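Below you'll find the structure, written out as structure tokens, and then a few comments.
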Amino acid sequence: MINELLQYNFIINSFLAAVFASISCGIIGTYIVTRRMVFLSGGITHASFGGIGIGYFFGFNPVFSAAAFAVLSALGVEFLSKRTDVREDSVIGILWSFGMAVGIIFIFITPGYVPNLMTYLFGSILTVSELDVWLMLGLVLVLIFFFTFFYRLILFVAYDQNFARTHKITVDLFNYVLISLVALTIVLNIKVVGIILVISLLTIPQSTANLFSKNFRNIILLSIVIGLVGVFTGLLFSYKINIPSGAAIIFSLVIFFVLAKVFQAIGRRSILRTKTKKTFV
Amino acid sequence: MSKIVELKSVFAGYNNEIILNDVSFEIFDDDFIGIIGPNGGGKTTLLNVILGLIKPVKGSIEFFGDSDANKNNKIGYLPQINQIDKKFPISVCDVVLSGLIYSSGIFYKHPKEDRIKVRETLERLGICELCDKPIGELSGGQMQKVLLARAIVSSPRLLILDEPNTFVDNKFEGELYEILVQLNKEMAIIIVSHDIGTISAYVKTIACVNRGLHYHKSNKISEQQLASYNCPIKLITHGEVPHTVLKTHNHSF
């Protein structure tokens, strides 16, 4: 009986985690993709591993140290990128590897066996805890609030920062807030697909959505739907043929992207054909 | 004719490198100024100082007339087109609407009049049908018009254009200048161009920016004058048909 209930709970947790991951990544991913911040996001993702190592070593929940580590490194990159004498992508590269190195060192010197390390690297949606789910829910609510009420501001600043500056918008503050939200989204979704794969949830649904829409808001909504379908298809595969859930999710997301691309190409060709037919008739 | 902006011995630049050296400059409300000068000479830096994007290291910039002349909607700005991400998922209407962000209310909601203003501005530039198009589908000339619409939708007192004639064909360029001449009846215009040949036919005065600034209060400028300004640029002659003569230029700084 207790066993059954336990099973029930973790299924519920992972179901909710999948939904929240699709929503948060759908929103933040659209911002990342349209601002061309994918590499920066990769850097933040890997840097957060340093926080995970520190969390293990000092014996507290790695999610919190990873969040602190990720937000601080994101703010650091954002701060440095304002200087024109610094190459932003090099800074990201340094941060990327430094975070990983810190993580490896702390995990190495942590006495005894480190449980669940692999869940952070490759993700394991079935081990998502109740606390994780609550944190993800909080993030989703913050993102929905922020992207609903500040939608115009986000759109305008993301489109043309300099123009926004000439209209006396505090672009720097805006960028710091947004990059912090990016970092938090990344960290809270690491459990679902893992450090190595989290960037996929932030880019593949958006790229698929962008094939069908050129509207910022619609790309967000479509990304969420595509993310949901992809995550649940992946989980189904993962269960049916017994492969790691994170990899299965990415695999199905890419399949959807390729299918969408093919459909689009066929659609275009048939439009062209009907057009040429008309001109000939 | 009233003064709207005055720069007094401004020094400005980036990261400790001074690019503008002791620049003094006045802009009046009926001005149509062409800014010319070599690459790296400080044209964009000068614009950035006027736009408030960078602060002068030394010297002052002052705005006259409306007490809030340096705020929000009083300066319209058309940036270089290569600074704009053409793949960004945004529609023409939304781009133009962003020129009115100062008038949006709580949570950046726009009143209805703003959307009417957007329509009117697009109509004025003859691109009303583009309103709902994503910017990725526009040609270079259409994109410039959209950016111009964004710059003037707020009815600014000063319009600043940074190289609006790049990536556009000659037909569009002529069209653009005609529009600017019309706009000049309502606002002062500063236009930066590497090509003095075409702009000199439309602007009223010419300023050459090459670290310092030489203000030439006419649109006729001679080879000798340019040489004395230390301004290595294309030369023009005036006549029935405007044409350009390239002059090789030895020049050290």
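The condition (being under 24 Å from residue A:18 (Cα atoms) and modelled with pLDDT of 90 or more) is satisfied by just one residue among A:121, A:178, A:155: A:178. Of all residues in the stretch A:161-176, those satisfying the criterion of being in contact (Cβ under 8 Å) with a residue 12 or more places away in the chain and among the aliphatic types (A, V, I, L, M) are A:169, A:171. When you look at residue B:103, is it surrounded by fewer than 18 Cβ atoms within 10 Å (Cβ to Cβ), at positive phi, among the polar types (S, T, N, Q) and touching a residue at least 40 places away in the same chain (Cβ under 8 Å), yes or no? So residue B:103 does not fit the description; no.
In summary, residue B:144 fulfils each of the numbered conditions (1) open to solvent by 10 Å² or more (accessible area, probe 1.4 Å); (2) within 18 Å of the chain's Cα centre (by Cα) with the single exception of condition (1). So residue A:38 clears everything in (1) under 29 Å from residue A:232 (Cβ atoms); (2) open to solvent by less than 50 Å² (accessible area, probe 1.4 Å) except one condition, right? Which one? Single failed check for residue A:38: (2). Scan the stretch B:143-150 and tell me whether some residue there is without any contact (Cβ under 8 Å) to a residue 60 or more places away in the chain and not basic (Lys, Arg). Yes, the stretch B:143-150 contains at least one residue that is without any contact (Cβ under 8 Å) to a residue 60 or more places away in the chain and not basic (Lys, Arg).
Scanning the stretch A:95-120 for residues that are within 16 Å of residue A:190 (Cβ to Cβ) and open to solvent by less than 30 Å² (accessible area, probe 1.4 Å) gives A:99, A:102, A:103, A:107, A:114, A:119, A:120.
Residues being at pLDDT below 85 and surrounded by 19 or more Cβ atoms within 10 Å (Cβ to Cβ) are represented in the stretch B:182-194 by at least one member. Restricting B:11, B:25, B:32 to residues that are closer than 19 Å to residue B:199 by Cα and more than 14 Å from chain A (Cβ to nearest Cβ) narrows the list to B:32. Any residue at all in the stretch A:78-90 that is under 20 Å from residue A:189 (Cα atoms) and modelled with pLDDT under 90? Looking for residues that are under 20 Å from residue A:189 (Cα atoms) and modelled with pLDDT under 90, one finds none in the stretch A:78-90, hence no.
Whether a residue is open to solvent by 60 Å² or more (accessible area, probe 1.4 Å) and more than 10 Å from chain A (Cβ to nearest Cβ) was assessed, and residue B:60 does not pass this test. Of all the numbered requirements in (1) surrounded by fewer than 16 Cβ atoms within 10 Å (Cβ to Cβ); (2) more than 18 Å from the chain's Cα centre (by Cα); (3) within 14 Å of chain B (Cβ to nearest Cβ), residue A:166 misses one, and that requirement is (1). Of all residues in the stretch B:150-172, those satisfying the criterion of being open to solvent by 40 Å² or more (accessible area, probe 1.4 Å) and within 20 Å of residue B:123 (Cα to Cα) are B:155, B:171. Considering every residue within the stretch A:214-225, establish whether at least one is open to solvent by 10 Å² or more (accessible area, probe 1.4 Å), among the polar types (S, T, N, Q) and assigned to a helix (DSSP H, G or I). Among the residues of the stretch A:214-225, at least one is open to solvent by 10 Å² or more (accessible area, probe 1.4 Å), among the polar types (S, T, N, Q) and assigned to a helix (DSSP H, G or I), which makes the answer yes.
So residue B:149 passes all but one of these: (1) under 13 Å from residue B:98 (Cα atoms); (2) within 12 Å of chain A (Cβ to nearest Cβ). Which condition number does it fail? It is condition (2) that residue B:149 fails. Looking across the stretch B:6-16, just one residue is assigned to a strand (DSSP E or B) and modelled with pLDDT under 85, and that is B:14. Residues that are open to solvent by 40 Å² or more (accessible area, probe 1.4 Å), touching a Gly at 6+ places or on another chain (Cβ under 9 Å) and more than 17 Å from residue B:158 (Cβ to Cβ) within the stretch B:18-36 comprise B:21, B:22, B:24, listed in sequence order.
The set of residues from the stretch A:241-275 being among the aliphatic types (A, V, I, L, M) and at pLDDT 90 or above comprises A:241, A:248, A:249, A:250, A:253, A:254, A:255, A:258, A:259, A:260, A:262. Pairs are defined by a Cβ separation below 7 Å, a sequence spacing of at least 6 or placement on different chains, a first member in the stretch A:140-160 that is within 7 Å of chain B (Cβ to nearest Cβ), and a second member that is among the aromatic types (Phe, Trp, Tyr) and open to solvent by 20 Å² or more (accessible area, probe 1.4 Å); the pairs so defined are A:149/B:107; A:150/B:107; A:150/B:108; A:152/B:108; A:153/B:108. Residues that are at pLDDT below 85, closer than 23 Å to residue A:218 by Cα and either surrounded by fewer than 19 Cβ atoms within 10 Å (Cβ to Cβ) or within 11 Å of chain A (Cβ to nearest Cβ) (or both) are absent from the stretch B:88-99 altogether.
Within the stretch A:172-187, if we keep just the residues that are surrounded by fewer than 16 Cβ atoms within 10 Å (Cβ to Cβ) and among the hydrophobic types (A, V, I, L, M, F, W, C), the residue that is nearest to residue A:49 (Cα to Cα) turns out to be A:177.
When the stretch A:135-160 is limited to residues that are more than 25 Å from residue B:93 (Cβ to Cβ) and in contact with a Phe, Trp or Tyr (Cβ under 8 Å, 6 or more places away or on another chain), the one that is most open to solvent (accessible area, probe 1.4 Å) turns out to be A:137.
The values are calculated or read from the model by the stated rules, or taken from the named source; none is laboratory data. Note that this is a predicted model, so its numbers are computed, not measured. Glycine gets a Cβ as well: all are built from the backbone with ideal geometry, and neighbour counts include every protein chain shown. In case anyone asks, the SASA skips ligands and DNA or RNA and just uses the protein heavy atoms, side chains included. Shrake-Rupley method; radii C 1.70, N 1.55, O 1.52, S 1.80 Å.
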